[in-house]
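Below is one structure; the comments refer to it alone.
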Amino acid sequence: MIRTIIVDDEYPTRQELASILANIKDVEIVAECSIGQEALEYLESNSADMIFLDIEMPLINGLEIAKIIRSTIPNPPQIVFSTGYGQFAVQAFDLQAFDYVLKPYTPERILVTIMRYRNLKKQMTSNKPKDNFKLPIWYNDKMILLNPETEISLVRAELQKIIISTNKGDFEINTPLKDIEQKLKNHGFLRTHKSYIVNISKIREIIPWFNDTFILTLENCSQKEIPVSRHYLPDFKKLLNL
């Protein structure tokens, strides 16, 4: 379970976030606090994995609370700043914020934060040796080796072409999409549509769409909107604990 603290001086906002988190199966809310001092007192004798910390609060604002947590709490939780304003982002990330979420909350945006934490936890706790798998592709008469987990965001079929979107740009290959799916299935990739295979760790937004489906946006991806079709929706929801 992901042990989570909510800190916000506005009760309706705390309840809104608590309701969203309560619907995510692997999240446990261990404390709800109306001021930052309450969170500090809780952390003096209890642990948490993540804290959603409002910035504009009475007495001590969230940025100052984050500084205290970082400097005084052993094994501090990951700090997710939550605010209605974007101007604090630079200060937040100077404090090594894990994420920065703008209000009003949406379930899809909060889920992106939780997914990022799951991925971080998996990386930190996994004892499996690296298999050093690289996906070989031919480009301009030479072979390029791509690390799927860190370099590839999306594989898509477009007309008669297969295109791989990476942090180095897009590459066109001749390998059938089904064959690519088999090679990537154990490396954090999921088929979301007959024409799309997605790196789950690269998801940045999950947007509700027609008929209870979703549209995704990805990091390092030239394709701006990636659909999750109804056929692949059960696997997508299962993987994300929806």
Query - Contacts under 7 angstrom Cβ, first residue in segment 43-72 being free of Cβ contacts under 8 Å to residues at least 40 places away in the same chain and among the polar types (S, T, N, Q), partner open to solvent by 40 Å² or more (accessible area, probe 1.4 Å) and part of a strand (DSSP E or B), 6 or more apart - result: none
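Might you let me know whether segment 228-235 holds any residue that is in contact (Cβ under 8 Å) with a residue 12 or more places away in the chain, at negative phi and within 17 Å of the chain's Cα centre (by Cα)? Reasoning before the result, please.
As a first pass, look at segment 228-235 and keep what is in contact (Cβ under 8 Å) with a residue 12 or more places away in the chain: 228-233, 235.
Filter again for at negative phi, leaving 228-233, 235.
Restricting the remaining residues to those that are within 17 Å of the chain's Cα centre (by Cα) gives 228.
Yes - at least one qualifying residue is present in segment 228-235.
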Report task. Select from segment 177-224 the residues that are surrounded by fewer than 18 Cβ atoms within 10 Å (Cβ to Cβ), farther than 19 Å from residue 145 by Cα and out of contact with any helix residue (DSSP H, G or I) (no Cβ under 8 Å at 6 or more places or on another chain) and list them in ascending order. Result -> 178, 209, 210, 215, 217, 222, 223, 224
Query - Answer residue from segment 148-172, given it is small (Gly, Ala, Ser) and surrounded by 14 or more Cβ atoms within 10 Å (Cβ to Cβ) and is farthest from residue 135 (Cα to Cα) among those - result: 157
Report summary line: Within segment 173-209, residues being under 16 Å from residue 160 (Cα atoms), among the hydroxyl-bearing types (Ser, Thr, Tyr) and at pLDDT below 90 number 1
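Could you list, in sequence order, the residues of segment 14-66 that are assigned to a strand (DSSP E or B) and open to solvent by 30 Å² or more (accessible area, probe 1.4 Å)?
Residues of segment 14-66 assigned to a strand (DSSP E or B): 27-33, 50-54.
Within segment 14-66, 28, 29, 30, 32 qualify.
Which one of 112, 7, 90 is under 30 Å from residue 218 (Cβ atoms) and surrounded by 13 or more Cβ atoms within 10 Å (Cβ to Cβ)?
Values: 7 fails: under 30 Å from residue 218 (Cβ atoms); 90 fails: surrounded by 13 or more Cβ atoms within 10 Å (Cβ to Cβ).
From the options 112, 7, 90, the qualifying one is 112.
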Report summary line: For residue 69, the lone unmet condition from (1) among the aliphatic types (A, V, I, L, M); (2) open to solvent by 50 Å² or more (accessible area, probe 1.4 Å); (3) in a helix (DSSP H, G or I) is (2)
Report task. Give me the pairs, please: first residue somewhere in segment 79-93 and without any contact (Cβ under 8 Å) to a residue 12 or more places away in the chain, second residue anywhere and part of a strand (DSSP E or B), beta-carbon distance under 6 Å, and either six or more positions apart or on two chains. Result -> 89/100
Query raised in the report: Quick check: anything in segment 7-24 closer than 26 Å to residue 239 by Cα and of a type in the set (Asp, Glu)?
Result: yes
Query raised in the report: Across segment 1-27, which residue is farthest from residue 77 (Cα to Cα) among those that are of a type in the set (Asp, Glu) and touching a Phe, Trp or Tyr at 6+ places or on another chain (Cβ under 8 Å)?
Result: 16
Query raised in the report: Is there any pair linking a residue in segment 200-217 that is assigned to a loop (DSSP other than H, G, I, E, B) to one that is surrounded by 20 or more Cβ atoms within 10 Å (Cβ to Cβ), with Cβ under 9 Å and at least six apart or on different chains, and which?
Result: 209/228; 213/228
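Can you find a residue that is in contact with a strand residue (DSSP E or B) (Cβ under 9 Å, 6 or more places away or on another chain) and within 26 Å of residue 120 (Cβ to Cβ) anywhere in segment 173-183? Even if it seems obvious, please write down each step before you answer.
Looking only at segment 173-183, we keep the residues that are in contact with a strand residue (DSSP E or B) (Cβ under 9 Å, 6 or more places away or on another chain), and these are 173-177, 180-181, 183.
Those left that are additionally within 26 Å of residue 120 (Cβ to Cβ): 181, 183.
Yes, segment 173-183 has at least one match.
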Query raised in the report: Does residue 79 fit the bill of being at pLDDT 90 or above and either assigned to a helix (DSSP H, G or I) or of a type in the set (S, T, N, Q) (or both)?
Result: no
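The values are calculated or read from the model by the stated rules, or taken from the named source; none is laboratory data. The structure displayed is predicted, hence computed values, not measured ones. Cβ atoms come from the backbone with ideal geometry, glycine included; neighbour counts cover every protein chain shown. Side chains are part of the model used for accessible areas, which takes the heavy atoms of the whole protein and leaves out ligands, DNA and RNA. Shrake-Rupley method; radii C 1.70, N 1.55, O 1.52, S 1.80 Å.
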